[in-house]
1. Quick one: 95, 184, 24, fewest Cβ neighbours within 10 Å first, how do they rank?
2. Springs between alpha-carbon atoms under 10 Å, Gaussian network over the chain: tell me which of 98, 209, 120 tops the mean-square fluctuations.
3. Taking just the alpha carbons, could you work out the radius of gyration and Dmax for the chain, both in angstroms?
4. On the first, second and third principal axes, largest extent first, how far apart are the outermost C-alpha atoms of the range 61-139 in Å?
5. Go ahead and set up a Gaussian network model of the chain, Cα springs under 10 Å, then flag whichever of 16, 58, 109 fluctuates most.
6. For the chain, modelled as a GNM with alpha-carbon contacts under 10 angstrom, which of 13, 53, 79 fluctuates the most?
7. Which value in nm describes the separation of the simple spin-label points at residue 183 and residue 21, placed 7 Å from the Cα toward the beta carbon?
8. Could you rank the peptides 212-222, 123-133 by their average count of other C-beta atoms within 10 Å per residue, with the highest value first?
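Rule-based calculations on the coordinates, nothing more; no lab input. For clarity, every value in this text was computed on a predicted model and none was experimentally measured. Every residue, glycine among them, receives a Cβ derived from its backbone with ideal geometry; neighbour counts consider all protein chains shown.
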Ligand code: DX5
Ligand code: ZN
């Protein structure tokens, strides 16, 4: 699938009203945005959200790139299911994948783009060896589990390290930030080298979600 060129906003359906998902997702422009889906299993994180059925529903509602963030134990057991549900990008957590390289290979074998994420407590050095195997590095800027938390500015250092490593190794993976993103924090993350900006509350809990999305796009442009 073709994807818009960065910078890209990825509205997170975690903060959307699922009783009117079609209307909520209608603001997502496939030519500019991605759609971020947060899968949580109540083991890897202390919250439970949804699985492939809801991803498949989102897939039917938009032609935008569906960006699936797996906050779950044993993600390898479900990769095929999420790909069949329509995921374009599948991101797993390094903390949940002892056989990291193998899991990334498994994601790519399905035809999806392979993402790797790290929690705030995991140092950048833990993911550094895998940069050549990635389509996307997702830097968590809050503790994963819930929307609406405050951005952790100290995570920007990881974004900078990722951007530096990418240049030095001549790689082309995208750098995504997730958690507490609004206009101001998006600008900071953009300056640090981020390409994809996940936002839940800043969009879907705003009085005018379409306007909030437009403001975020404008904040990271240029
Ligand atoms: C948090 C999720 C995020 C969440 C972000 O664990 O991974 O994607 O939706 O929500 P906000 O933008 O409200 O911090
Ligand atoms: Zn997420």
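1. Values: 95 17, 184 10, 24 20.
If I rank by nearby Cβ atoms, fewest first, I get 184, 95, 24.
2. With Cα springs under 10 Å in the chain, the top fluctuation among 98, 209, 120 is at 98.
3. Expressed in Å, the Cα Rg and Dmax of the chain come to 15.6, 46.
4. Result, largest extent first: 37, 22, 21 Å.
5. Greatest mean-square fluctuation among the candidates belongs to 109.
6. Of 13, 53, 79, the most mobile in the Gaussian network model is 53.
7. Here the modelled spin labels are 3.1 nm apart.
8. Details: 212-222: 16.7, 123-133: 14.6.
Top of the packing list down: 212-222, 123-133.
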